[in-house]
Amino acid sequence: MPARTRKLIGSMAIVAFLVLYMALVATLAERLPPSKAVQLVFFVIAGVAWGAPLIPLISWMSRGR
């Protein structure tokens with residue numbers, strides 16, 4: 001598969017994943033207790049955790065022929 005096609009598919013997959021991830025995080029955030037400490041920990045983890053599932057996809061996108 002040509003690199004341009006991989007990058008196009010990967011870019012669309014990243015956008016779709018991020019939209020779904022944001023919806024999931026927002027839904028879960030509504031159910032958190034009103035404690036500021038709990039919310040802080042949740043959003044720190046959620047803010048960093050989105051990158052881990054995308055690492056294999058980004059690696060696939062940047063592979064050579």
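Every number in this text was worked out from the coordinates using simple rules, so none of it is lab data. Just so we're clear, the structure is a prediction, and the values are computed from it rather than from any experiment. Here Cβ is always computed from backbone atoms with ideal geometry, including for glycine, and neighbour counts include all displayed protein chains.
General remarks:
- Which labelled figure in (1) 1.34; (2) 1.45; (3) 2.61 is Cα Rg over 2.2 N^0.38 Å, once derived from the coordinates: (2)
- Estimated FRET transfer efficiency when R0 is 25 angstrom, pair residue 62-residue 23 (beta carbons, to 0.05): 0.35
- Degrees separating the helix 36-49 axis from the principal Cα axis of the chain, which is the longest one: 10
- Nitroxide proxy distance, nm - points 7 Å out along Cα→Cβ at residue 16 and residue 4: 2.2
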